[in-house]
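Report on the structure given below.
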Amino acid sequence: MNLTEKLKTFIGSSKNRLDKEVEKGKYFWIAEKIEGKIVKTPLGEHIEKEVIYDKKYEYSGVKLSKVLEIPINELDSVFKNLSKKIEIEKIAFLDTETTGLAGGSGTFAFLIGVGFFENNYFRLNQFFMPDYSEEPSLLLRLSEMLSGFEFVVTFNGKIYDVPLLNTRYVINKMDSPFQELCNLDLLTVSRRIFKKRLKSVALSNLERQLFYMERENDIPGFMIPAVYFNYLRTSRADDLIPIFFHNQKDILSMVNLLYTIFDVVKNPLGSNLCRGEDYICIAKLYEEKGDFQKSIECYKKAIESENIKEEAYIKLSFLYKKLKMWDEAVSIWIEMAEKNIGTLIALEELSKYFEHIEKNYDKAIKEVERALHILSLKKRLLNQPDDKKLFEFKKRLERLKDKRLKNKGQIFLL
């Protein structure tokens, strides 16, 4: 092919593309590439892609429809300060892909995924901004989509996604739909349940640790802004495809994570996902909820794990103390002292119990003297100066001896 023929071919292909732009819209080639459609609004046009997952669809071994089986009130203890009762049909799962990770007024959300259950199907809509000038159009459609929901589930959305989108609405002088939505943030909840066991509660690590899943051929999150900027320069739509898949996977993982959290919180002792450290975190959730029996069961389970045994003993004994279950509390403190687990705490609590509950000053003094013996021995062996705890026990001993003396004087007068 000579130069003249090449020019004719180029001019012909360009003319065909221009004709298609007039016929189908200027972003038709992007919509075709990502298997989406151009959506025109009063504020411009953008691209939308829809994916439908049927009720049998499994992601990382979990059926998405399992979420529909959740007695959603079971999550009340996990998501704090809710002003509305959770209904699964009123929940939208949301995730954004942005032009930067720092946020701020210069950061755009160029791809926004919204997933929700509809007639036992899971529908995932993705809103793509093909150019900065089309942001108002995308935001308008997002508002329309979210108007039918009361809750939005995010992962780090309270810190990042929602504030970023609120900013974009303000800049475009539009009302934000998030003012009316209750944000259920899965990162916050994951920290409350898994923070003791997992070094990281990033979504990718939760996928590995909880779902035993490693994403294949997934674009790393830190590369996504650069890919979008390159698309704006070159109009190459091929490189956008992995970003759409990445966004879909994030949302599907959020659905699984919501079910996993429910499963763990509802039946921690029967869940194969729970480990020792998790039981302490879940016990605290139950304690805050006022379900003390389940809290006690979880603390007892945590005692079986060596690396958190002392903390579990202490928290269990303090819960017994809070509930005025004195026999159980004293039994735990005695066991701790005998097994040398949090010994000083146990002896201090025993001395308080004998002093304030039994009014037995002799027993209270005995426990304080045991603690002072341990502290004095530790001081000699380690050649340490007097510490704060030694001073506190000495002061307690003096006070107890004074109380014993006054008590005996009162008995004598009687």
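The values are calculated or read from the model by the stated rules, or taken from the named source; none is laboratory data. Because the structure is predicted, anything quoted here is derived from the model rather than measured. Using ideal geometry, Cβ is built from the backbone for each residue, glycine included, and neighbour counts are taken over all protein chains shown. The accessibility values were calculated without ligands, DNA or RNA, using every heavy atom of the protein model including side chains. Shrake-Rupley method; radii C 1.70, N 1.55, O 1.52, S 1.80 Å.
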Measuring from its Cα centre, the chain shows a charge dipole (+1 at each Lys and Arg Cβ, -1 at each Asp and Glu Cβ) which, in debye to the nearest 20, is 1820 debye
So the angle from the long Cα axis of helix 292-302 to the longest Cα principal axis of the chain, reported in degrees to the nearest 10, equals 90 degrees
So Glu35 and Ser105, fully extended at 0.36 nm per residue minus their Cα-Cα distance, gain in nm 22.1 nm
Expressed per residue, the solvent accessible area of the range 266-388 in Å² (1.4 Å probe) is about 54 Å²
Here the range 119-128 yields Karplus 3J(HN,Hα) values (6.51, -1.76, 1.60; θ = phi - 60°; whole Hz; Gly and Pro given as x) of 6, 6, 10, 10, 10, 10, 10, 10, 10, 10
Over all pairs of different Cα atoms in the range 144-203, the reciprocal of the mean inverse distance gives a Kirkwood radius in Å of 12.8 Å
Projected onto their principal axes, the Cα atoms of the range 76-188 stretch, largest extent first, over whole-Å spans of 40, 29, 22
In vacuo Debye sum over C-alpha of the range 330-385, base-10 log of normalised intensity I(q)/I(0) at q = 0.12, 0.13, 0.20, 0.21 Å⁻¹, listed in q order, is -0.28, -0.33, -0.69, -0.74
Out of His246, Ala283, Phe211 - ranked by how far each Cα lies towards the positive end of the dipole of the range 210-313, with unit charges on the beta-carbon of charged residues - the top one is His246
As a Kirkwood estimate from alpha-carbon pairs, the chain has a hydrodynamic radius in angstrom of 26.0 Å
In terms of the charge dipole of the chain, which places +1 on Lys and Arg and -1 on Asp and Glu at the beta carbon, the residue among Phe151, Thr99, Gln384 farthest towards the positive end is Gln384
If one compares the long axis through the Cα atoms of helix 343-356 with the longest principal axis of the Cα atoms of the chain, the angle in degrees, nearest 10, works out at 60 degrees
Here, trypsin sites (Lys or Arg not before Pro) of the range 164-217 satisfying both criteria (DSSP loop; at most 14 other Cβ within 10 Å) are Lys173, Lys195, Lys199
Magnitude of the Cβ-charge dipole (Lys and Arg +1, Asp and Glu -1) of the range 183-251 about the Cα centre, nearest 20 debye, reported as 520 debye
For Leu140, the accessible surface traced by a 1.4 Å probe with all protein chains present amounts, in square angstrom to the nearest 10, to 40 Å²
Scalar couplings 3J(HN,Hα) for the range 253-262 by Karplus 6.51 cos²θ - 1.76 cosθ + 1.60 (θ = phi - 60°), nearest whole Hz, x for Gly and Pro, are 5, 5, 4, 4, 5, 4, 5, 4, 4, 4
If one builds a Gaussian network model of the chain from Cα atoms under 10 Å apart, the most fluctuating residue listed among Ile30, Ile86, Ile171 is Ile171
Checked against a 21 Å limit on the C-alpha separation, the offending pairs among Lys324/Lys363; Lys84/Lys284; Lys195/Lys339 are Lys84/Lys284; Lys195/Lys339
Exposed-loop cut sites defined as GluC sites (Glu not before Pro) in DSSP loop states with at most 10 other Cβ within 10 angstrom; longest site-free run of the chain spans 1-213
The size of the Cβ-based charge dipole (Lys, Arg +1; Asp, Glu -1) of the range 50-200 about the Cα centre, to the nearest 20 debye, is 900 debye
Of the accessible area of the chain, computed with a 1.4 Å probe and all protein chains kept, carbon and sulfur make up a percent value of 51 percent
The set of residues whose placed amide H lies less than 5 Å from the amide H of Gly100, leaving out same-chain residues fewer than 5 positions away, is Phe108
Residues whose built amide H sits under 5 Å from the amide H of Met213, excluding neighbours closer than 5 in sequence, are Arg208
If one compares the long axis through the Cα atoms of helix 224-234 with the longest principal axis of the Cα atoms of the chain, the angle in degrees, nearest 10, works out at 10 degrees
With the dipole of the chain defined by +1 on each Lys or Arg Cβ and -1 on each Asp or Glu Cβ, the option from Ala329, Val201, Val62 whose Cα lies farthest towards the positive pole is Ala329
Amide H contacts under 5 Å for Val153, restricted to residues at least 5 apart in sequence or on another chain and with H modeled in the peptide plane, are Ala92, Phe93, Leu94, Leu184
With all protein chains in place and a 1.4 Å probe, Asp327 shows an accessible area in Å² (nearest 10) of 130 Å²
For Lys55, counting only lysines whose alpha-carbon sits under 21 Å away and dropping same-chain residues fewer than eight positions off, the answer is Lys63, Lys66, Lys90, Lys249
Rounded to the nearest 10 Å², the 1.4 Å probe accessible area of Phe391 is 130 Å²
Computed ³J(HN,Hα) along the range 159-167: with the Karplus parameters 6.51/-1.76/1.60, θ = phi - 60°, integer Hz and x for glycine or proline, the list is 8, 10, 4, 5, x, 4, 5, 4, 5
Hull volume per residue for the range 239-367, using the convex hull of the C-alpha atoms, in Å³ is 128 Å³
